Amino acid sequence: MNQLHYMTWEEVDSLVKSGIETALLPIGATEQHGPHLGCGVDSSIAEKVCYAAAEQTDVLLMPTLPYGCSIGHSKRWPGTMALQPKTLIDVVKDIGDWAYDSGFKKLFLVNGHVTNFAPLRCALEMLRAEHDDMMVALINTPQISDRVKKEHFHDAEDWHANDAETSLMMAIDEAMVRPDKCEDSDDEDRTIDSVFSHPVNRTSSNGVTGNPSLSTKEKGEELFQWMVEDFCELINKGIKEKPPLNASYFEKVK
């Protein structure tokens, strides 16, 4: 496996010259996950899915970005360390620029935190507008495939620290879990009929939405296997992909 963290510049150069031009950037968050899960859940999921996929595909695995746009979690619960959306845009754009300059023209932004999506989409737009021959994909780990999405959303539409996340942590990062505190949220999903988007302090009393009491290690192992299998399929498809049309971003029609 090709991990940038451990590679020398000569090894990176050789990797690119061998024809490997695809990189994975895991992006997570550091935020409260209720009384039963550690604050690094989203980063851990993104990192471990990417690590497992990088073992099975011809890509470069970049170091995980452990901070994200978590300002919606409010300051009600200690432990959340959030970036502003504009900061996350700039950080990922800068990383993408340097990845491109190192020779990686295909970049997967692998996002483990739901509300990172909008800033990451902005960074994607900026990268492909600046680098004409760069392709960027934004993959949300809970939505890698239909079966993965169904499992994540089964106990709440606005889920957080729920059955799926807790089961995953039991399987892939057990130190994150406090089994004696896996109590279901005393709140139903309050966002179902909402017109406006509300921060978590106004939707949950304990930072949880969903039913972590349903979680098991076995369910987490199966879900993680699905995530890796389906992500590897996307990666391999992306490695072969070419732009639908060979038209420059910068060249005007004559």
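Values computed for the structure shown
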{"quantity": "Of the criteria (1) assigned to a loop (DSSP other than H, G, I, E, B); (2) modelled with pLDDT under 95, which one G72 fails", "calculated": "(1)"}
{"quantity": "Any hit, segment 36-51, residues being modelled with pLDDT under 95 and not small (G, A, S)", "calculated": "no"}
{"quantity": "Test: residue in segment 44-59 that is hydroxyl-bearing (S, T, Y) and closer than 29 Å to V177 by Cα", "calculated": "yes"}
{"quantity": "Which numbered condition G207 misses (of (1) surrounded by fewer than 19 Cβ atoms within 10 Å (Cβ to Cβ); (2) at positive phi)", "calculated": "(1)"}
{"quantity": "Any chance K217 is out of contact with any Lys or Arg (no Cβ under 6 Å at 6 or more places or on another chain), under 29 Å from E21 (Cα atoms) and basic (K, R)", "calculated": "no"}
{"quantity": "Single residue of T141, T115 found to be hydroxyl-bearing (S, T, Y) and under 13 Å from L25 (Cα atoms)", "calculated": "T141"}
{"quantity": "All positions within segment 1-30 that are crowded, with 18+ Cβ neighbours inside 10 Å and more than 25 Å from T141 (Cα to Cα)", "calculated": "L15"}
{"quantity": "Lone qualifier among R178, R190 - being among the basic types (K, R), at pLDDT 95 or above and surrounded by fewer than 21 Cβ atoms within 10 Å (Cβ to Cβ)", "calculated": "R178"}
{"quantity": "Residue in segment 242-253 that is free of Cβ contacts under 8 Å to residues at least 40 places away in the same chain, out of contact with any helix residue (DSSP H, G or I) (no Cβ under 6 Å at 6 or more places or on another chain), outside any helix (DSSP H, G or I) and among the small types (G, A, S) present", "calculated": "yes"}
{"quantity": "Elements of type helices (runs of 4 or more DSSP H) in segment 115-223, at least 1 residues being without any contact (Cβ under 8 Å) to a residue 12 or more places away in the chain and over 23 Å from V92 (Cβ atoms)", "calculated": "146-153"}
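The values are calculated or read from the model by the stated rules, or taken from the named source; none is laboratory data. Treat the numbers as computed from the prediction; the structure is a model and nothing was measured. Cβ: placed from backbone, ideal geometry, glycine included. Neighbour counts: every protein chain shown.
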